[in-house]
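Notes follow the structure.
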Amino acid sequence: MEKIDIICVGTLKENGMRQMCAEYIKRLGRYCDLKLTELPESRLDRDPSPAQIEQALGTECSRMLPYTEYGAYKIALCIEGKSMSSEAFARSLESGMLGSGRTVMFIGSSYGLSEKIKNLCDIKLSMSDMTFPHQLARCMLLEQLYRSYKIRRNEIYHK
């Protein structure tokens, strides 16, 4: 069974988002061994300086580094990443996992991911050209993972 690790900075605050994510995690259990890890978000002032943001990203990076294992297909979710259709995402996951059977995905804080984490990843993925809360990105990613398994197995869901 394929293994997927999703490494997130911060926790979900809204009950509705937690419920939606829990539903997709339950559905994905049929297709993969999924583990979602929440790492602490660095606390910043209301209007942080660029230096404070860089320091926070560096701290969050050090917490993520243990999850950048060699051999796993690594995906960074970031605004400058590549947008792709659901079908292309499904193919990317399938081909990326061929060697190890494992994918690690990184979702940063509202300030994003450090350059170091992005550079360690095999692909940078953007969910959309639009801006969404990073917490919503988690729900969207879980739904797209579920959709990708449905696409890959020619099961009814994807339209």
Restricted to region 105-159 and to residues being assigned to a loop (DSSP other than H, G, I, E, B), touching a Lys or Arg at 6+ places or on another chain (Cβ under 8 Å) and among the hydrophobic types (A, V, I, L, M, F, W, C), the residue modelled with the highest pLDDT is Cys121
Within region 89-104, restricting to residues that are among the hydrophobic types (A, V, I, L, M, F, W, C) and assigned to a loop (DSSP other than H, G, I, E, B), the one that is farthest from the chain's Cα centre (by Cα) is Leu98
Scanning region 6-36 residue by residue, those touching a His at 6+ places or on another chain (Cβ under 8 Å) and among the small types (Gly, Ala, Ser) turn out to be Gly10
- Does region 46-54 contain any residue that is acidic (Asp, Glu) and within 24 Å of Leu113 (Cα to Cα)? yes
From the option list Glu23, Glu80, Glu38, single residue qualifying as within 24 Å of Ile123 (Cβ to Cβ) and surrounded by 13 or more Cβ atoms within 10 Å (Cβ to Cβ) is Glu38
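With respect to Leu98, is the statement that it is touching a residue at least 40 places away in the same chain (Cβ under 8 Å) and either among the small types (Gly, Ala, Ser) or more than 19 Å from Lys118 (Cβ to Cβ) (or both) true?
So Leu98 does not fit the description; no.
The values are calculated or read from the model by the stated rules, or taken from the named source; none is laboratory data. No experiment lies behind these values; they were computed from the predicted model shown. Please note: Cβ atoms are built from the backbone with ideal geometry, for glycine as well, and neighbour counts cover all protein chains shown.
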